[in-house]
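S.K.: Sending over a structure as structure tokens; questions will come in a sec.
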Amino acid sequence: MRKSLFTISMILITHTLFSQPQIELQTVSAGFSEPVAIRNAGDERLFIVEKGGIIKILHADGTITTFMNIDPRVGSSGSEQGLLGLAFHPDYASNGYFYVNYTNNSGNTRISRF
């Protein structure tokens with residue numbers, strides 16, 4: 001009886017371990033320059049933050065447009081410098097405010113609201 005119980009337990013454990021769903025990676029877009037973050041503003045668009053100072057929008061149909069270019073303000077010579085973050089105000093849909101975190105040309109961290 002114990003041997004049967006052990007065998008059944010091992011079969012169930014093995015089945016559980018190896019029956020996990022397979023994950024498949026799929027490229028949805030390419031051609032970005034040093035992307036460091038992806039954000040969503042509550043709609044179908046994805047905002048891709050590029051270290052050099054550009055934020056691009058990946059639209060649901062696959063097209064890409066530039067949302068913002070603050071390249072002249074951004075110092076990105078160091079490995080942990082550049083345009084590093086984007087956050088949307090909770091009421092972005094009504095007020096349009098968003099925030100960016102970047103390193104300016106003097107090497108100082110800036111958080112700016114637009």
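S.K.: Report, by residue number, each residue of region 34-79 that is surrounded by 15 or more Cβ atoms within 10 Å (Cβ to Cβ), of a type in the set (A, V, I, L, M) and assigned to a loop (DSSP other than H, G, I, E, B).
M.R.: ALA41, ILE70
S.K.: Further question: Of the residues that sit in region 10-55 and are modelled with pLDDT of 70 or more and of a type in the set (Ser, Thr, Tyr), which one is nearest to ASN104 (Cα to Cα)?
M.R.: Among those residues, the one meeting the criterion is SER33.
S.K.: Which residues, taken from region 20-41, are touching a residue at least 40 places away in the same chain (Cβ under 8 Å) and at positive phi?
M.R.: GLU34
S.K.: Which of the residues belonging to region 69-109 are hydrophobic (A, V, I, L, M, F, W, C) and closer than 18 Å to ASN40 by Cα?
M.R.: We begin by selecting, within region 69-109, every residue hydrophobic (A, V, I, L, M, F, W, C); these are 70, 74, 83-84, 86-88, 93, 98, 100.
Selection gives LEU83, LEU84, LEU86, ALA87, PHE88, ALA93, PHE98, VAL100.
The values are calculated or read from the model by the stated rules, or taken from the named source; none is laboratory data. This is a predicted model, so every value here is computed, not measured. Note that each Cβ is placed from the backbone with ideal geometry, even for glycine, and that neighbours are counted across all protein chains shown.
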